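In what follows, a structure is listed as structure tokens, so that the remarks can point back to it.
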Amino acid sequence: MRVSLHVNGRPRDVDVEPNQTLLAVLRDTLGIFDVKEGCGEGVCGACTVLLDGRPVSSCLLLAASAAHRAITTVRGLEDEGDLHPLQQAFLRHGAVQCGFCTPGMLLTGLAFLQNHPGADRAALRHAIEGNLCRCTGYAKILDALEAYAREAKRD
Amino acid sequence: MYPFEYVAPASVDEALAVLAEHGEDAKVLAGGQSLLPILNYRLAKPRVVVDINGLPLDGVSVGDGRLKLGALTRHATLEESDEVARNCPPLREAAALVGNVRVRTLGTLGGSLAHADPAAELPMAMVALDARLGIAGRSGRRTVAAGDFFTGYLTTTLAPDELLTDIDIPVTRDMGWAVEEMSRRTGDFAIVAVAALIRLDRRGHVDEARMTFAGVGPAPVRVPAAEDVLRGAEPTRDRLGHAAETARAALTPESDAFVSSAYRTLLAGVLARRALTRAVARALEIR
């Protein structure tokens, strides 16, 4: 079936099978490899994308169900080649080890901070509890999120 | 995932026609947060997936002393809606404990109830809150009390050709509440969960108490014997402990690969005492 997806602000018309997840179509059809596949059951958060601004597991959404909705992957955060300030905070604080969880952490953290500007560390911990980092680098991820939250509050 | 035919009906009648035609071979797709893992792991092989997300079943409203929720109401809406917070705050607390943030974005109230996981928060909350479930079928509409809806492990009174369309709950503003649970990791299904609701009379004695557990049987379990301990009594620390102990003694949970029956029973008693303590504190504030 023909489906119109809106990925990172760009309309993409693709042929999908009814049983293909959004994750499969993003990676295998559109070559958007910044979306990662982890557990396939919505627990790990590696495949997080924003759907109309809210975090979802792209492995638990049929591509057909995502038609005409705004999909944001981590690549959609950069602005004309410049990294998003949250991405810069991740770099500054060494919040990236193997990098596999990073897209999900960034998107989940950003979606939360957009609705809870200036959130404290405890709230941020709670916000990313559904995203697993198997390097266990949570402390630096929280450092980065916290620093960004403080900067964003000042602006 | 095995291949299937994808149908997105435009009306409830159309959905019912598809379900009637395909019976057990059709699966309803709502938020997909239970169905998609099952399909990803090839634990089910439906011939037809009926995506009901296009149906107008997602409203939240209040009328005639009842909170009315469409079956497609997302968990995130239960968490964020002012109507829910004002008219049924226990439901908000239960919804906030479901899965992770991504599950709550897409997952639906109706989907959680129809899936009927015995450790899930929302089926437990529906039994605790005396919810009434509206079900559409080819021969018309019926309603069923939440307490009669869940019949066993992942099993309800829903027939394959029926659709859960709406849920209504008595407005619950005059009761103190608390939902407590323990899980191995945050976001996992609870090992045991409990919802406590307490209304106090003018003298500060318990007018009504409800204690409902999840994870301790094939369906949510309400424990009238523990509620009887509280009714008419002053909610002292000892009395709450006695009620929690009565609940613990009444439960006969199964063991599983992770947790023994004895541990589950112990946990139920501890969580019951915590929940009752918090519910009474809130009931005192409300009064």
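The values are calculated or read from the model by the stated rules, or taken from the named source; none is laboratory data. Since this is a predicted model, take the numbers as computed values, not measurements. Cβ atoms come from the backbone with ideal geometry, glycine included; neighbour counts cover every protein chain shown.
Side notes on the structure shown:
- When B:99, B:147 are checked against the criterion of being small (Gly, Ala, Ser) and either surrounded by fewer than 21 Cβ atoms within 10 Å (Cβ to Cβ) or in contact with a helix residue (DSSP H, G or I) (Cβ under 6 Å, 6 or more places away or on another chain) (or both), B:147 stands alone in meeting it.
- Scope segment B:1-12; condition loosely packed, with under 15 Cβ neighbours inside 10 Å and either within 14 Å of chain A (Cβ to nearest Cβ) or part of a helix (DSSP H, G or I) (or both); matching residues: B:2, B:3
- Qualifying residue in segment B:65-85 (condition: more than 13 Å from chain A (Cβ to nearest Cβ), among the charged types (D, E, K, R) and either farther than 23 Å from residue B:179 by Cα or in a helix (DSSP H, G or I) (or both)): yes
- Residue list for segment A:4-50, filter: more than 10 Å from chain B (Cβ to nearest Cβ) and in contact with a Phe, Trp or Tyr (Cβ under 8 Å, 6 or more places away or on another chain): A:27, A:36, A:38, A:46
- Filter pass, residue B:60 being modelled with pLDDT of 95 or more, surrounded by fewer than 24 Cβ atoms within 10 Å (Cβ to Cβ) and in contact with a Gly (Cβ under 8 Å, 6 or more places away or on another chain): yes
- When each of B:30, B:44, B:20, B:10 is tested for being out of contact with any Lys or Arg (no Cβ under 6 Å at 6 or more places or on another chain), in contact (Cβ under 8 Å) with a residue 60 or more places away in the chain and not assigned by TED's automatic domain parsing to the domain that holds residue B:100, the lone residue that passes is B:30.
- Extreme residue, farthest from the chain's Cα centre (by Cα), among residues of segment A:115-141 that are surrounded by fewer than 18 Cβ atoms within 10 Å (Cβ to Cβ) and among the hydrophobic types (A, V, I, L, M, F, W, C): A:122
- Meets criteria (out of contact with any helix residue (DSSP H, G or I) (no Cβ under 9 Å at 6 or more places or on another chain) and either part of a loop (DSSP other than H, G, I, E, B) or surrounded by fewer than 19 Cβ atoms within 10 Å (Cβ to Cβ) (or both)) for residue B:15: no
- Criterion (more than 18 Å from residue B:176 (Cβ to Cβ) and either charged (D, E, K, R) or surrounded by fewer than 15 Cβ atoms within 10 Å (Cβ to Cβ) (or both)) met by exactly one of B:262, B:268, B:250, B:281: B:262
- Every residue from segment B:19-55 that is within 14 Å of chain A (Cβ to nearest Cβ), in a helix (DSSP H, G or I) and not polar (S, T, N, Q): B:35, B:36, B:37, B:38, B:39
- Residues satisfying the stated conditions in segment B:135-168, i.e. in a loop (DSSP other than H, G, I, E, B), over 22 Å from residue B:59 (Cβ atoms) and either of a type in the set (A, V, I, L, M) or free of Cβ contacts under 8 Å to residues at least 60 places away in the same chain (or both): B:139, B:154, B:157, B:159
- Residue A:93 touching a strand residue (DSSP E or B) at 6+ places or on another chain (Cβ under 7 Å), away from chain B (no Cβ under 11 Å) and either within 30 Å of residue B:54 (Cβ to Cβ) or surrounded by 17 or more Cβ atoms within 10 Å (Cβ to Cβ) (or both): no
- Among the residues listed as A:75, A:54, A:92, the single one being of a type in the set (Lys, Arg), over 27 Å from residue B:74 (Cα atoms) and out of contact with any Pro (no Cβ under 9 Å at 6 or more places or on another chain): A:92
- The C-beta contact set for segment A:33-45 (first residue over 23 Å from residue A:8 (Cβ atoms) and not assigned by TED's automatic domain parsing to the domain that holds residue A:133, second residue of a type in the set (S, T, N, Q) and part of a loop (DSSP other than H, G, I, E, B), distance under 8 angstrom, 6+ apart or interchain) comprises A:43/B:100.
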